[in-house]
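Coordinate-derived values only; no laboratory data. Just so we're clear, the structure is a prediction, and the values are computed from it rather than from any experiment. Neighbour counts run over all protein chains shown; Cβ positions are idealised from the backbone, glycine included.
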Amino acid sequence: MHLQLSKTGHRLSGHSGIVELMDDLGAALAGAGVADMRMLGGGNPAHVPEVQAVWRERLQAILEDTDYCDRMLANYDGPAGNPRFRESFAGALREIYGWDVGPENIAVTNGGQTAFFFLFTLLAGEMPDAGFRKVLLPLVPEYIGYSDQGVSEGIFQSYHPRIDQLDDHTFKYRIDFDALEVTDSTAAICVSRPTNPTGNVLTDDEVAHLAALAAEREIPLIIDNAYGEPFPAAVFEPIEPVWNRGMVMTFSLSKLGLPGTRTGIVLADEEIASRLRTMTGIVGLANNNIGQALVEPMLRSGQLLQLSREVIRPYYQAKSADAQRMVAEHFGNDFPYLVHRSEGAFFLWLWFPELPIATRELYARLKKRGVLIVPGEYFFFGQDNADDWPHSRQCIRLTFSQPEGVVNSGIQIIADELRKLHG
Ligand code: PLP
């Protein structure tokens, strides 16, 4: 049989940088010496003992409540999500931030990733008037998971940041507002905050500026809070999140330690929330409701906020500080390097301005030595021409959510390899 693929089928099942990388990581882990592989690559949340204990307790409580348990397992929810969960989620946002939101503003999806597929498909690509609209990413490096999304190809327009060197070994990306061009063909503006892969947290001023640009064109500003406020609150800078009807906020239960429940939550105006509900119905009938059932009472009691602020945030902040200390210790002054200021999420983003090889090759060398990192090239996408910015081949992402010994020996091996490369 010669399988005939539709154009969309071709695109969504063909080559994908991130799938290739994930396959490669999977294969590396399945190979010999797996026990010695230092996994500084993925975005998995840490298994924080105190947090995992809460999820086990919640599961136990559900098991003991026969009625609740049967409803969770044996009923489809409506496609917008569980009504009680939506009310409680909106209630938590009203309580924490004073935002004027209700359940009609909430659409649950099967994970944040699916929320983005729906949002990009809804807004970008071919338009009824034969025009083509793109999602503007004001700053790359940006989350690789967006890059192959959407039904149409080429739906991103991205911009390089300005680089602020803060001290000898620290830098921070800032949006280059002079470069951004928001036009009639801009479908939406989108940012992750904190950003995967850099741990950057856009300032409140940068967000306000983006919101104003979006409002001027009457297009949504989409903010991805997968690591952010208010849950799981892996944000190490004080920020004051703002929402208004022109903005779309996405949240996820994954980084709270529940990626297996596939629960994404979108806060948007009534029209967008309602359209996402329809998309869920068409694509998947309903959502996984286990994550919603686990956290719903904790939204009402405030326990989820407390867990995020008092356990999860300090946990990742301490892991970040440890990893930075290890980098300083092992790298010394033997070769030029800078670390992006760690303001949130689970990653350090390292820049080697004089690296003699591309980071894809550095990745391959490190894999042979039992260390998995993610080469930075993957996070630069949405440029009209192939991205020829040297900076995009000089950065790596490493995850600090692994146990201390693993992170430490991983960083030690990275330092050793870099020393050799810089000769
Ligand atoms: N957004 C960002 C920035 C992420 O890093 C991730 C996952 O790593 C997601 C969204 C999607 O997560 P999920 O589909 O598990 O909610």
task: Rank these for me by crowding, Arg393, Arg94, going from fewest to most other beta carbons within 10 Å.
output: Arg94, Arg393
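Which GluC sites (Glu not before Pro) in segment 185-219 sit in a loop by DSSP (not H, G, I, E or B) and have at most 15 other Cβ atoms within 10 Å of their own Cβ? Can you show the working numbers first?
Details: sites: Glu206, Glu216, Glu218; in loops: Glu218.
Those satisfying the criteria are Glu218.
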query: Which ³J(HN,Hα) values in Hz, rounded to whole numbers, follow from the phi angles of segment 209-214 under the Karplus curve 6.51 cos²θ - 1.76 cosθ + 1.60, where θ = phi - 60° and Gly and Pro get x?
result: 5, 5, 4, 5, 4, 5
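Whole number please: convex hull volume per residue, Cα atoms of the chain, in Å³.
Values: hull volume 69.1 nm³, N = 423.
Value for the chain: 163 Å³ per residue.
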task: Pop out the ³J(HN,Hα) list for segment 282-293 in order, Karplus 6.51 cos²θ - 1.76 cosθ + 1.60 with θ = phi - 60°, rounded to Hz; leave Gly and Pro as x.
output: 5, 7, x, 6, 8, 9, 4, 10, 6, x, 4, 5
message: Suppose a student asked you for the relative contact order of segment 167-269, using Cα pairs under 8 Å spaced at least 6 residues apart; what percent would you report?
response: 23
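How long are the three semi-axes of the equivalent ellipsoid of segment 289-423, in whole Å, if each is the root of 5 times an eigenvalue of the C-alpha gyration tensor, listed from largest down? All intermediate terms of the calculation are to be shown ahead of the outcome.
Details: eigenvalues 218, 75, 34 Å².
Working through the eigenvalues yields semi-axes of 33, 19, 13 Å.
To the nearest 0.05, how large is the calculated FRET efficiency for Arg300 and Arg11 if R₀ is 41 Å and r is the Cβ-Cβ distance? Write out the running numbers ahead of the final one.
Values: r = 42 Å, r/R0 = 1.03.
E(calc), rounded to 0.05, equals 0.45.
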- prompt: By how many nm would the segment from Asp334 to Arg275 grow when fully extended, if each residue of separation counts as 0.36 nm and the alpha-carbon distance is taken off?
  reply: 15.8 nm
- prompt: Can you work out the FRET efficiency for the pair Met1 and Ala61, with r the C-beta to C-beta distance and R0 = 56 Å, to the nearest 0.05?
  reply: 0.65
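For Cα pairs less than 8 Å apart in space and 6+ apart in sequence, what is the mean separation divided by the residue count of the chain, i.e. the relative contact order in percent? List each step's numbers first, then the result.
Details: 778 pairs, mean separation 94.1, N = 423.
Result for the chain is 22 percent.
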query: For Val19 and Arg162 in the same chain, what is the full-extension length gain: residue separation times 0.36 nm, less their Cα-Cα distance, in nm?
result: 48.5 nm
- prompt: When the chain is fully extended, how far beyond the present Cα-Cα distance does Arg325 get from Asp184, taking 0.36 nm per residue of separation?
  reply: 46.1 nm
task: Tabulate in residue order the Karplus-calculated ³J(HN,Hα) for segment 363-368, using 6.51 cos²θ - 1.76 cosθ + 1.60 with θ = phi - 60°, rounded to whole Hz; enter x for Gly and Pro.
output: 4, 5, 5, 5, 4, 4
message: Using Cβ contacts closer than 10 Å as the measure, can you line up Lys255, Lys368, Lys134 from fewest to most?
response: Lys368, Lys134, Lys255
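What translational diffusion coefficient, in µm²/s and rounded to a whole number, does the Stokes-Einstein relation yield for segment 76-304 at 10 °C and a viscosity of 1.306 mPa s, taking the hydrodynamic radius as the Kirkwood radius over Cα pairs? If you can, show how the numbers build up before the last one.
On the way: Rh = 17.9 Å.
The diffusion coefficient I find is 89 µm²/s.
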field: segment 76-304: relative contact order as a whole-number percent, Cα under 8 Å and 6+ apart
entry: 27
- prompt: In what sequence do Leu213, Leu73 fall when counting other Cβ within 10 Å, fewest first?
  reply: Leu73, Leu213
- prompt: Whose amide H sits under 5 Å from the amide H of Ala187, counting only residues 5 or more places off or on another chain, with H placed in the peptide plane?
  reply: Lys134, Val135, Leu136
